[in-house]
1. In terms of the ratio Rg/(2.2 N^0.38 Å) built on C-alpha atoms, what value belongs to the stretch 134-250?
2. Under the definition of Cα pairs under 8 Å and six or more residues apart, what whole-number percent is the relative contact order of the stretch 57-125?
3. Suppose the Debye formula is applied to equal point scatterers at every Cα of the stretch 186-305; what is log10 I(q)/I(0) at q = 0.10, 0.20, 0.22, 0.23 Å⁻¹?
4. Of 179, 111, 154, which has the largest mean-square fluctuation in a 10 Å C-alpha GNM of the chain?
5. Give the Kirkwood hydrodynamic radius (Å, one decimal) of the chain, defined as one over the mean of 1/r across all pairs of different Cα atoms.
6. If you average the sequence gap of Cα pairs under 8 Å that are 6 or more apart and divide by the length of the chain, what percent do you get for the contact order?
7. By how many nm would the segment from residue 156 to residue 261 lengthen if fully extended, with 0.36 nm per residue of separation less the alpha-carbon distance?
8. Given the peptides 72-81, 247-256, arrange them by the average over their residues of other C-beta atoms within 10 Å, most packed first.
Amino acid sequence: MKPAPFDYVVAESVEHALAAKRRYGDEARFLAGGQSLVPAMNFRLAQPAVLIDLNRIPGLGDVRRENDVLAIGALARHRTLEHDPNVARHAPALAEAATYVAHPQIRNRGTLGGNLAQADPASELPAAAVALDASLHVRSAGSERQIAARDFFTGVFATALEPDEMLVRIDVPALPPRTGTAFMEIARRRGDYAIVGIAAVVTVDDARRCVRVRAVLCGAGNSPVCLAAPERVLAGHRGSEAGFAEAAALAGREIDPPANVHATADYRRHLAGVLVRRALALAVSRAEGGDPGGWRGRPAGRITT
């Protein structure tokens with residue numbers, strides 16, 4: 001398959017890219033890693049008249065620590081998220097989630113900004129961004145604003161981005177002391193999108209009571225699903241198998257997942273409960289052990305059906 005004809009602009013700066021977008025409007029698309037856009041173009045599902053290539057913009061893929069915030073450029077590759085020590089130390093759920101994204105060839109080219117802007121509800125990184133309370137910086141030719149990750153994803157392949165805006169940076173705040181994170185998913189085969197996945201973040205106090213619990217699902221709705229049950233059940237209590245099981249049972253009732261040829265809605269509810277129980281237990285264990293990610297480059301384990 002071949003894409004429809006298009007014009008090609010190599011952006012030399014963010015300002016250059018935004019000026020081109022303003023000039024060409026809805027007929028133009030930004031090209032980052034291209035791992036979603038290019039296949040869609042090859043199948044003629046997307047037919048932009050102009051591609052604005054962002055890959056030569058200096059610094060757009062940098063990862064740096066700024067005070068209590070980890071600033072990740074939108075062009076940072078999935079492989080960078082996997083292996084950058086700053087990401088592993090300060091945003092371990094994002095690093096762990098990146099290991100589940102497709103295959104190494106895809107992770108070498110795909111970008112964090114492109115993945116978030118694509119807003120695939122089955123994708124791992126949006127759930128991790130929401131769980132970590134990330135803030136997304138977007139720019140247009142005439143303005144700049146921040147959008148909380150929890151407000152960024154508005155539906156299937158839909159975001160709060162305006163047509164003339166570009167995502168330029170993702171900020172992840174520092175994790176509080178005694179915080180543990182975990183990412184897990186269940187997929188049919190290695191490299192497939194998750195049937196259901198979860199990003200969990202738990203903070204405990206000196207007495208090992210849970211003071212903050214965040215559990216966000218992918219593949220369970222039209223966008224990342226932030227569950228209310230885990231915090232309601234565990235807050236103020238020490239993590240226990242009984243508490244994890246109760247949170248899991250309530251979480252399964254809380255969601256209304258889609259059904260397709262790979263999984264019924266009831267099966268997704270069941271898997272969500274399994275993952276909630278396991279991920280919360282692992283996050284609490286890591287919090288109590290003083291090691292937020294705990295995995296040191298090795299994910300908790302991909303579960304295949």
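Derivation of every value follows stated rules applied to the coordinates shown; laboratory data play no part. Just so we're clear, the structure is a prediction, and the values are computed from it rather than from any experiment. All Cβ positions, glycine included, derive from the backbone under ideal geometry; neighbour counts span all protein chains shown.
1. Normalised Rg, Cα atoms only: 1.26.
2. Over the stretch 57-125, the number comes to 29 percent.
3. -0.29, -1.07, -1.23, -1.30
4. For the chain, modelled as a Gaussian network with Cα springs under 10 Å, the answer is 154.
5. 19.6 Å is the Kirkwood radius here.
6. On the way: 740 pairs, mean separation 51.5, N = 305.
Computed over the chain, the figure is 17 percent.
7. Taking 0.36 nm per residue and subtracting the Cα distance, the gain is 36.0 nm.
8. With the highest mean Cβ count within 10 Å placed first, the list reads 72-81, 247-256.
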